[in-house]
1. Per-residue ellipticity at 222 nm for the protein assembly as shown, helices alone: DSSP H runs ≥ 4 residues times -39500 (n - 2.57), over residue total, nearest 500 deg cm²/dmol?
2. Distances from B:MET1 to the same residue in each other copy, label points 7 Å out along Cα→Cβ, in nm, shortest first?
3. Give the angle, between 0 and 90 degrees and rounded to the nearest 10, that separates the Cα long axis of helix A:108-120 from the longest principal axis of the Cα atoms of chain A.
4. Enumerate the calculated ³J(HN,Hα) couplings along segment B:59-76 in order (Karplus 6.51 cos²θ - 1.76 cosθ + 1.60, θ = phi - 60°), each rounded to whole Hz, writing x wherever the residue is Gly or Pro.
5. Treating the point 7 Å from Cα along Cα-beta-carbon as the label, what are the nm separations from B:LEU35 to the other copies, to one decimal?
6. About its Cα centre, how strong a charge dipole does segment B:155-203 have in debye, to the nearest 20, once Lys and Arg get +1 and Asp and Glu get -1 at the Cβ?
7. At A:GLY90, with labels set 7 Å past Cα in the Cβ direction, how many nm apart are the copies from this one, shortest first?
8. Can you sort B:VAL160, A:VAL141, A:VAL105, B:VAL9 by how many other beta carbons sit within 10 Å, fewest first?
2 protein chains.
Amino acid sequence: MSVVLAVDVGGTGLKGAVVDDRGRTLARRDRPTRLDGRGPADNLLALVADLTALAGAEEPVAVGVGTPGIVDEATGTVVYASNLGWRDVGLRALLEDATGLPVGVGHDARAAGRAEQLASGTHGSFVFVPIGTGIAAALVVEGTAVSGVSGAAGEFGHVVVHPGGEVCPCGQHGCVEAYAAGGAVVRRFRARGGEAASTAEVVALLGWDPRADEVWADAVRALALGLQGLTMLLDPAEIVLGGGVSGAGAVLLDPLGAELASLLTWRSPPPLRTARWGAQAGRVGAALLGFERAGVTPDFQLG
Amino acid sequence: MSVVLAVDVGGTGLKGAVVDDRGRTLARRDRPTRLDGRGPADNLLALVADLTALAGAEEPVAVGVGTPGIVDEATGTVVYASNLGWRDVGLRALLEDATGLPVGVGHDARAAGRAEQLASGTHGSFVFVPIGTGIAAALVVEGTAVSGVSGAAGEFGHVVVHPGGEVCPCGQHGCVEAYAAGGAVVRRFRARGGEAASTAEVVALLGWDPRADEVWADAVRALALGLQGLTMLLDPAEIVLGGGVSGAGAVLLDPLGAELASLLTWRSPPPLRTARWGAQAGRVGAALLGFERAGVTPDFQLG
């Protein structure tokens, strides 16, 4: 058995784990992305140090890090990540210096999508959409996650679905993410006078608080519009939702499936489901990047 | 030298040619898609008979047909094509019976995109968007045109960009095609009291007739919105426009490039150009399908 230290970098939290080559999480440790005035990179270094201690006698063979944004996987550099304030951050060099281990750095959603596929043996052409603080996508075409000419493919969260609509943290107007990401749901609920610290708290108010209903309906509508375009372009075998917001389950899937179907007149929508890895998808995706960097082929299994 | 009979099936016209394995058009014959009360399939058969006569002593090795819609390339069946009124039409069987030749049937845009790539040696990941009566796309990812799980990928024309907007011939509301296809431009210009038989006639009135300006601006806006999403999802090396409407040239490319750039705040738009094959792209794409069906590897060249 070999293990890696894995970190799924998000806009709100860093999700760390010690993961073995079967995809089992042996230990877990999270840390806020911003803490005590320290930025994401400092907190990432601190979390990796914690994970090294947690691994104990299991000597890790590598570190794997999944991050949002535009990632140059060949050099392990985050070219741009709006939710992290990163531009040209050489994460691999930083972490290799700190740990002395090989470090694999990749796009969070693409890595999680490949991990989902390894584990579930799903069809070679599907779409994995993690919805957390931000929203990304792994567009898997015949077994390969599309990375694009500059590593910027899969930015589903920044597809404009409401031209001239609400401003997105990325600076564009009317992006899917400006309505449907966890951060947007909370922000928009508060802007209407509501009180909630998380998407889960907004979801808990559905049917009770019309402001929650409105904000959630907008999120579902924005996702449906984005997925309509994605379905037209890629004709995926299925659409798999991951990330924290997908934890809402049927409250998300049911209206989203109905709304997507209503936007399509001459074809049926692709099947919609939540990730088999659930909230672990990001950590296991990061682990996959570590194993690959170490030259180890993991045998991920579910359950 | 070997030749094929090639037909690019469009919603308005059938574009036929005798094409050799260098991609040269030896003869050309077009025919309206609907003529004297006859439907697209009857006219296609009549055109192929004309092309056989035109080929003369050059014995064709195959027939190649590119069509819009959802195409099952393995069986040569058009599953659905809204602009043609086709559902489950077995084109290959029909034409093989009529000609005794092997017949390759494929998706027009995907075939034209591959022909464009063969001829221009462009980057392996690009997008080819033919804009004619309808609008499709070939999404080429690392040298392969994405076909999707049911052969329905690349339906760029039916991405919804104006939720609840104008009704599209496909029955959905607010599709790119409902504003930007040649058919839509003419229809919308006429609905404002203008008189024009073709997109070229509307384009000729730009700067003179405010109705033409309005309709054209809407077309450019719809294309830009669709291409914004496509850029976010696929990060293509370039966007290549083909089809009759792309013949507008700078009158299309300039405002479209500006509008697309204005929708993107944190990345530059992919380079935008018209097809190197120009208006021939569809015919050459259809020829490619014929050569492939005959087991011939063509050596397409420009000029």
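No value in this document is a laboratory result; all are computed from the given coordinates. Bear in mind the structure is a predicted one, so any value in this text is a computation, not a measurement. Cβ placement follows ideal geometry from the backbone for every residue including glycine, while neighbour counts extend to all protein chains displayed.
1. When only DSSP H runs of four or more count, the value is -11500 deg cm²/dmol.
2. From this label point to the equivalent ones elsewhere in the assembly: 7.0 nm.
3. In chain A, helix A:108-120 runs at an angle near 90 degrees to the longest axis.
4. Values per residue, Gly and Pro as x: 5, x, 8, 5, 10, x, 10, x, 10, x, x, 9, 10, 8, 5, 5, 9, x Hz.
5. Copy-to-copy label distances for B:LEU35: 7.5 nm.
6. 140
7. Ordered by distance, the counterparts are at 6.4 nm.
8. Values: B:VAL160 26, A:VAL141 22, A:VAL105 32, B:VAL9 29.
Sorted ascending by nearby Cβ count, the order is A:VAL141, B:VAL160, B:VAL9, A:VAL105.
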